[in-house]
Every structure is written in C-alpha cells, then in structure tokens.
Amino acid sequence: MATKKRNKAFMGMPAPLGYVPGLGRGATGFTTRSDIGPARETGDISDERHAPPTKRRDDDDDDDTDLNDSNFDEEFGYGGSLFKNGPYEKDDEEADEIYESIDKRMDEKRKERRERRFQEEIEKYRQERPKIQQQFSDLKRKLADVTAEEWMSMPEVGDVRNKRQRNP
C-alpha cells in the first residue's frame with residue numbers, strides 16, 4: 001500500500017520578514033547589489049558634474065585644514081602643519097633639529113629594547129620547542145655504541161610492510 005506524502009504546513013508560504021535561512025546553525029545573511037537594486041538611476045545625474053571647474057583660491061587653505069578627531073594620529077598628530085602660513089625662521093630650524101635628534105635617540109633606545117625582547121622570545125621559543133635535531137641528539141650519540149652485527153640485524157622498514165602485503 002502506497003502512503004501519500006504530506007507536505008509541511010509552511011511549504012508554499014512566504015518567509016517571515018527578516019528570516020535568514022540557516023541562522024540557527026550559524027549561517028549569516030548577506031545583501032547583494034541585486035537585492036538592493038541598481039546603484040543609481042540613469043536619469044539621476046547631478047548637475048554638479050556638468051558645472052564648469054572653478055579655480056581654488058590660496059586663502060582657502062585655512063578652511064581645508066580639518067582638525068577633527070578622526071584626522072588625529074597619536075604618534076604624528078594632525079596630518080597638516082598648524083603653522084604653515086607663518087614664517088620659518090632660524091630658531092624654528094634649530095628647534096626642528098633638536099626634536100629630530102631626540103626622536104633618533106628615542107628610536108635607538110626602542111630599537112635596543114625591541115631587539116633584546118626579540119632575542120628573549122626566540123630563546124624562550126627554542127627552549128619550549130627545540131629543533132628535532134636537538135631532540136634526537138642523545139639518541140644519535142648512543143648509535144656510536146651499536147656494533148656492526150647489531151646494525152645488520154635490524155630489520156628494514158620496507159621488509160615488514162612488503163611481507164604483510166605478500167602474506168595476507
């Protein structure tokens with residue numbers, strides 16, 4: 001007697017809003033451009049693209065300096081110079097040389113510390129995970145005590161494997 005297979009109640013129904021197949025198993029949903037639609041309508045060209053180019057004025061540079069927190073780097077500060085419009089005098093040059101020498105000295109100290117730390121890490125790593133050559137060095141020394149007769153009586157690795165295949 002053939003039994004008729006019943007379809008599940010949810011088959012043929014639309015998926016609930018926000019449903020991601022396999023999410024319970026760890027799958028993640030993603031959105032593709034085909035889900036969103038085209039990037040821009042063909043008739044949606046802005047008029048700014050067709051405007052004639054304008055010449056920038058030099059006095060607008062102050063407005064271009066963006067001192068926002070997102071443009072601040074802890075090591076180097078802001079990308080631009082805060083005093084680029086002021087005169088660069090001899091004492092400014094001397095101060096720059098002093099700061100440069102301090103930076104070089106600090107970098108040398110950091111370099112020495114960095115190299116020392118690197119050597120310590122290498123030594124620690126080699127103590128925890130010695131080379132295979134070092135692991136078997138004591139066994140290699142013991143091989144010097146093996147006589148020629150003992151050496152010749154050792155079975156070859158391939159012999160055992162081949163005997164098993166020939167004699168099942």
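Residue by residue, here is whether (1) under 28 Å from the mean Cα position of the chain (by Cα); (2) assigned to a helix (DSSP H, G or I); (3) of a type outside the set (Lys, Arg) holds:
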| position | (1), (2), (3) |
| --- | --- |
| Tyr99 | no, yes, yes |
| Asp107 | yes, yes, yes |
| Arg110 | yes, yes, no |
| Glu115 | yes, yes, yes |
| Phe118 | yes, yes, yes |
| Glu121 | yes, yes, yes |
| Arg126 | yes, yes, no |
Inset, instruction - Within the stretch 75-96, identify whether any single residue is part of a loop (DSSP other than H, G, I, E, B) and at pLDDT 90 or above, and answer yes or no. - result: no
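The values are calculated or read from the model by the stated rules, or taken from the named source; none is laboratory data. Everything numeric in this text was worked out from a predicted model, so none of it was measured.
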